[in-house]
């Protein structure tokens, strides 16, 4: 069957929607949201980091730009979530493009540190930008009955598509996550992925073989950045509050790199597995251990996986069956 | 943009007042330069160990600042229970961190170097180490801010030279002197001794070293342990300068990596220069433009330098 | 290729299993039907790690003391009280999940907030969605946009918290007849709000603002900032800082000196045991906010001294790694759950509508004195103190448990000293 993956995607989305429809337990949507967000972030990171071998350490910068684009849109135009996501994707994509262009000559650790520096510069700007709340952060009310083309799609009394905002955001996040996985897979299977892989293996050789390394790299930074920005755009609406410390948190940098690594960086499914696994463990640890132990679990898990399964869980499975 | 809400009305400038304005400006400028240089010394102490671990050996030791915090807590214990001077305490705990470095590198080598895994994988390892260190600190010392007491804290020397008033806090002067001495010592050690040259060569040509009868693994382990042993003194300086709590190390991750990269990987003296540059930049911006812009300026400098010289200021060779 | 596909499917299944297992554990967690013998559960998130952990841990101990107290007295509605809490790691991102877990899985009867404004903010929509009573612990103006009628806040900063918070302080500095003011704040939410309020107070007093800046959280050396402020020659130097900055500024001001007559105002951390003893004599002269100090006139808070004594004993006896003195948060963390308990017992049933109504109309007597909540859930009057550090001789922690080191300068009816220019006390 040719479109197996695509059908799978649609099935997953249907399941996600039905899941919001069932109203099983509201906690699951709230806990599921960050996990889906991490699926998206890890997948986005892996396009550049896993396929291309360029380690982006400034994930938080792209996410923060997405979040704050959304905030600015809310403040300025009172825009809805769909507009926020699209415009944040464009802005963060543009940022990715310029960063790609700017840091073209940098490789390895230099690139990683440059992206980290970028994130800090951006955070400083947001800290000093009062329109979006500055360092104090900003909180806003979610619209009680948002409309799209005159149709009310959230109504707690029923009759609409969604029962409450959290379910709606959960579904949006699911759509975005599936979308990013689909993009990552398409890149991996296509010419682009092969090109990026050749850059990872040996950039000079790839260049000599006629691979348009520059174009490929720019393309990868743009797509990766844009997806991260979209993942960030949903964040303020989910929290109904955002401040620079949260939007530019180091946690994003850690997770975006740890998740693909734990899952396996060479295939689209690696980041998904890593994000679901690590994200779930983190969510579970937070609401299970009421102490510093959840930090310990994260630390031990990181060390355990990178030492025991050097090629990620996916790699480990494949090796076992060789 | 947040700026001064109201600015002083331009007062009628008499020649005398104008002259005073110039004096005030000069005083501020020179004091800012001196303070920046001293702050740079502190930055150097934080990053010099990383310059060895990361710059020479390619181990992305992101837990370095947190290990410095651990050293700061050890200093705190020695200072508050036995009344030992913080700097002395820093020297006392140095061997502990040397041993710790030895252990960490052994583990790192076992799992990563040996299987020639990418540096990225090591990064996750060190992230794990960071979290574990933080948790241990929380469990042992709690989460409160800790400070130490010493004679040179809270005092400063001041002088009037040519009608301009200067003052230099002893606290930062101590940091500057200790950090400079430490950096200079390490610089000489890695430049002049056989071991140092071997360590600098180790990431370039392991084979050649083996042929010369040197065990590259031993060299690396030793160099890593030396890099980590700087945490002892750096921690002592940290708790002299800022109050310490377990999570405070995270605030410095950006700074220390920026300094090492700005200076150029593998160059110990470059790290010192880069630390001074960032220290002075932070100090000047804090004095004249508003402290909240300081991070943007120091990381902007890093981005600017990388754009024009991808290997950092004193980096040589390829852009790994 | 097909083989790889097969493993992919397997891995997918594994990941799916994980997700399902997670969901099952959370859904099938013992969902106790509320029975009369079951304990009353009060749920909250608390910063036990991260930047605000110092305050969070201190609050938790106070709340646990309250739990013991109320259970000895027979609990709430004749049922024992159980605290259900999770560590939010001082990261707002974790908060919605925690409150959702508390309400949907743990089925707690009440939720109260964690410590700090930015950790209360993300809990607001979750709570409002359920339309239940929400007690806040040291949130700054959290209800400003929501106007939620079931939110009640224990920070005693009055109906307009940002302005009320520094109100006492600006009253205290009137003695200096100042003309100019410099303002410095940390790049963080609480400090920014304080500064905003201070700017309003300064404008109301007709002060000219000669310096108004923020500093980032990893600032190590404050001497350039202090020099820049000094060059503007302000009469008053208002500082809204977080613990790191508070300590750095106290030292930098000791080293560089200043001619400002009043220094301080919103310096968080100077109330912490670790910082007070660490900074010692360098604190002399600082004029800062506080809520409770061991001064004789503070007996208008009945039971607070006693509570703090019990806290200090408990910390020592159980060797807890928290603030040794507990002046800053203990009475307030105790009071905000205590008020909830009083209200529920008075109403006699778990009816959030009735409890909220009762909370609005009642004047409560607690360890922090008489508490009356206004329309927006804030205190009807500001009870913030302006205190000046004086006569600190060394780094001994014990001196801070006695009267005289932090004298109250305002409110006038409980003041224990006259405010003096900064340099006179150095």
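Kindly indicate whether residue B:76 is under 23 Å from residue A:300 (Cβ atoms) and part of a helix (DSSP H, G or I). Explain how you work it out, then say what you get.
Working: under 23 Å from residue A:300 (Cβ atoms): no; part of a helix (DSSP H, G or I): yes.
When the stated conditions are applied, residue B:76 does not pass them.
Which of the residues belonging to the range A:162-206 are within 14 Å of chain C (Cβ to nearest Cβ), touching a helix residue (DSSP H, G or I) at 6+ places or on another chain (Cβ under 7 Å) and over 23 Å from residue C:125 (Cα atoms)?
Applying the first criterion (within 14 Å of chain C (Cβ to nearest Cβ)) to the range A:162-206 yields A:162-170, A:173-174, A:177-178, A:181, A:184-185, A:188-189.
The next check asks that each one be touching a helix residue (DSSP H, G or I) at 6+ places or on another chain (Cβ under 7 Å); those that pass are A:162, A:164, A:166-167, A:169-170, A:173-174, A:177-178, A:181, A:184-185, A:188.
Once the filter is applied, which keeps residues that are within 14 Å of chain C (Cβ to nearest Cβ), touching a helix residue (DSSP H, G or I) at 6+ places or on another chain (Cβ under 7 Å) and over 23 Å from residue C:125 (Cα atoms), the range A:162-206 yields A:177, A:178, A:181, A:184, A:185, A:188.
For residue A:251, all conditions in the list (1) under 13 Å from the mean Cα position of the chain (by Cα); (2) away from every other protein chain (no Cβ under 11 Å); (3) modelled with pLDDT under 90 hold save one; what is the number of the exception?
Here residue A:251 clears every test but (2).
Give the residue, chosen from C:77, C:155, C:60, that is within 30 Å of residue B:131 (Cβ to Cβ), more than 8 Å from every other protein chain (Cβ to nearest Cβ) and touching a strand residue (DSSP E or B) at 6+ places or on another chain (Cβ under 9 Å). Working first, answer last.
Numbers: C:77 fails: within 30 Å of residue B:131 (Cβ to Cβ); C:155 fails: within 30 Å of residue B:131 (Cβ to Cβ).
Answer to the check: C:60.
Residue-by-condition table, conditions (1) surrounded by fewer than 22 Cβ atoms within 10 Å (Cβ to Cβ); (2) part of a strand (DSSP E or B); (3) modelled with pLDDT of 85 or more:
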residue: A:225; (1), (2), (3): no, no, yes
residue: A:233; (1), (2), (3): no, no, yes
residue: A:258; (1), (2), (3): no, no, yes
residue: A:261; (1), (2), (3): no, no, yes
residue: A:272; (1), (2), (3): no, no, yes
residue: A:276; (1), (2), (3): no, no, yes
residue: A:288; (1), (2), (3): yes, no, no
residue: A:303; (1), (2), (3): yes, no, yes
residue: A:319; (1), (2), (3): yes, no, no
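Quick one: which helices (runs of 4 or more DSSP H) lie wholly within the range B:115-221 and hold at least 3 residues that are buried (at least 22 other Cβ atoms within 10 Å of the Cβ) and free of Cβ contacts under 8 Å to residues at least 60 places away in the same chain? Outline the logic, then answer.
Numbers: elements: B:119-141, B:170-192, B:194-201, B:206-211.
So the answer is B:119-141.
Just to check your reading of the model, which residue among C:336, C:328 is closer than 23 Å to residue C:288 by Cα and either out of contact with any helix residue (DSSP H, G or I) (no Cβ under 8 Å at 6 or more places or on another chain) or not in a helix (DSSP H, G or I) (or both)?
Checking each option against the conditions leaves just C:328.
Please go through the range C:82-116 and pick out each residue that is more than 20 Å from residue A:139 (Cα to Cα), more than 9 Å from chain A (Cβ to nearest Cβ) and in contact with a helix residue (DSSP H, G or I) (Cβ under 9 Å, 6 or more places away or on another chain).
C:82, C:83, C:108, C:109, C:110, C:111
Starting from the range C:128-148, keep only residues that are not assigned by TED's automatic domain parsing to the domain that holds residue C:46, then list their pairs with residues that are assigned to a loop (DSSP other than H, G, I, E, B) whose Cβ atoms are within a distance under 6 Å, requiring at least 6 positions of separation or different chains.
Pairs that qualify, where the first residue is not assigned by TED's automatic domain parsing to the domain that holds residue C:46 and the partner is assigned to a loop (DSSP other than H, G, I, E, B): there are none.
Look through B:236, B:258, B:275 and report the one residue that is more than 10 Å from every other protein chain (Cβ to nearest Cβ), closer than 27 Å to residue A:108 by Cα and crowded, with 22+ Cβ neighbours inside 10 Å. Walk me through how you get there before you give the answer.
On the way: B:236 fails: closer than 27 Å to residue A:108 by Cα; B:258 fails: more than 10 Å from every other protein chain (Cβ to nearest Cβ).
It is B:275.
Suppose the filter is in contact with a strand residue (DSSP E or B) (Cβ under 7 Å, 6 or more places away or on another chain), assigned to a strand (DSSP E or B) and buried (at least 24 other Cβ atoms within 10 Å of the Cβ); does residue C:114 pass it?
Yes; evaluated as a whole, the condition is true for this residue.
Can you work out which of the residues in the range C:220-245 that are more than 8 Å from chain B (Cβ to nearest Cβ) and in a helix (DSSP H, G or I) is surrounded by the most Cβ atoms within 10 Å (Cβ to Cβ)?
Among residues in the range C:220-245 that are more than 8 Å from chain B (Cβ to nearest Cβ) and in a helix (DSSP H, G or I), the one surrounded by the most Cβ atoms within 10 Å (Cβ to Cβ) is C:245.
Could you check the range B:101-112 and list, in sequence order, the residues that are in contact (Cβ under 8 Å) with a residue 24 or more places away in the chain and either buried (at least 19 other Cβ atoms within 10 Å of the Cβ) or in a loop (DSSP other than H, G, I, E, B) (or both)? Don't jump to the end; show me each part of the working.
Pass one, the range B:101-112, residues in contact (Cβ under 8 Å) with a residue 24 or more places away in the chain: B:101-102, B:104-106, B:108-109.
Correct list: B:101, B:104, B:105, B:108.
Right, residue A:38: at pLDDT below 85, crowded, with 24+ Cβ neighbours inside 10 Å and farther than 22 Å from residue A:117 by Cβ or not?
Details: at pLDDT below 85: no; crowded, with 24+ Cβ neighbours inside 10 Å: yes; farther than 22 Å from residue A:117 by Cβ: yes.
Answer is no for this residue.
How many residues does the range C:382-399 contain that are in contact with a helix residue (DSSP H, G or I) (Cβ under 8 Å, 6 or more places away or on another chain) and surrounded by 16 or more Cβ atoms within 10 Å (Cβ to Cβ)?
9
Where residues in the range C:405-414 are at pLDDT below 90 and not in a helix (DSSP H, G or I), which of them is surrounded by the fewest Cβ atoms within 10 Å (Cβ to Cβ)?
Checked the range C:405-414; the qualifying residue surrounded by the fewest Cβ atoms within 10 Å (Cβ to Cβ) is C:411.
Mind checking which strands (runs of 3 or more DSSP E) fall wholly inside the range C:341-393 and carry at least 3 residues that are under 20 Å from residue C:66 (Cα atoms) and either outside the structural domain of residue C:135 (by TED's automatic domain parsing) or under 22 Å from the mean Cα position of the chain (by Cα) (or both)?
Working: elements: C:363-366, C:369-372, C:385-389.
Passing ranges, in order: C:363-366, C:369-372.
Scan C:402, C:420 and give me the residue that is buried (at least 17 other Cβ atoms within 10 Å of the Cβ) and within 30 Å of residue C:260 (Cα to Cα).
Numbers: C:402 fails: buried (at least 17 other Cβ atoms within 10 Å of the Cβ).
Answer to the check: C:420.
Please go through the range C:117-147 and give me each residue that is away from chain A (no Cβ under 12 Å) and surrounded by fewer than 22 Cβ atoms within 10 Å (Cβ to Cβ), ordered by number.
Within the range C:117-147, C:132 is the sole residue that qualifies.
May I ask you to list the residues in the range A:69-105 that are in a loop (DSSP other than H, G, I, E, B) and surrounded by 22 or more Cβ atoms within 10 Å (Cβ to Cβ)?
First, the residues of the range A:69-105 that are in a loop (DSSP other than H, G, I, E, B): A:78-80, A:103-105.
Across the range A:69-105, the qualifying residue is only A:103.
Which residue out of C:269, C:278, C:248, C:285 is surrounded by 22 or more Cβ atoms within 10 Å (Cβ to Cβ), over 19 Å from the mean Cα position of the chain (by Cα), within 10 Å of another protein chain (Cβ to nearest Cβ) and over 16 Å from residue B:292 (Cβ atoms)? Walk me through how you get there before you give the answer.
On the way: C:269 fails: over 19 Å from the mean Cα position of the chain (by Cα); C:248 fails: over 16 Å from residue B:292 (Cβ atoms); C:285 fails: within 10 Å of another protein chain (Cβ to nearest Cβ).
On inspection, the qualifying residue turns out to be C:278.
With the requirement that a residue be crowded, with 18+ Cβ neighbours inside 10 Å and either assigned to a loop (DSSP other than H, G, I, E, B) or at the interface with chain A (Cβ under 8 Å from one of its Cβ atoms) (or both), what does the range B:278-293 give you? Can you show your working first?
From the range B:278-293, those crowded, with 18+ Cβ neighbours inside 10 Å are B:278-287, B:290-293; that's our starting set.
Selection gives B:290, B:292, B:293.
Test each condition in (1) touching a residue at least 12 places away in the same chain (Cβ under 8 Å); (2) away from every other protein chain (no Cβ under 11 Å); (3) in contact with a helix residue (DSSP H, G or I) (Cβ under 8 Å, 6 or more places away or on another chain) for residue A:80 and report the one that comes out false.
Checking residue A:80 against (1) touching a residue at least 12 places away in the same chain (Cβ under 8 Å); (2) away from every other protein chain (no Cβ under 11 Å); (3) in contact with a helix residue (DSSP H, G or I) (Cβ under 8 Å, 6 or more places away or on another chain), the one that fails is (3).
Over 27 Å from residue C:274 (Cα atoms) and in contact with a strand residue (DSSP E or B) (Cβ under 9 Å, 6 or more places away or on another chain), is that true of residue B:269?
Against the criterion (over 27 Å from residue C:274 (Cα atoms) and in contact with a strand residue (DSSP E or B) (Cβ under 9 Å, 6 or more places away or on another chain)), residue B:269 does not qualify.
The values are calculated or read from the model by the stated rules, or taken from the named source; none is laboratory data. On a predicted model such as this, the values are computed, not experimentally measured, just so you know. Backbone-built Cβ (ideal geometry, glycine too); neighbour counts: all protein chains shown.
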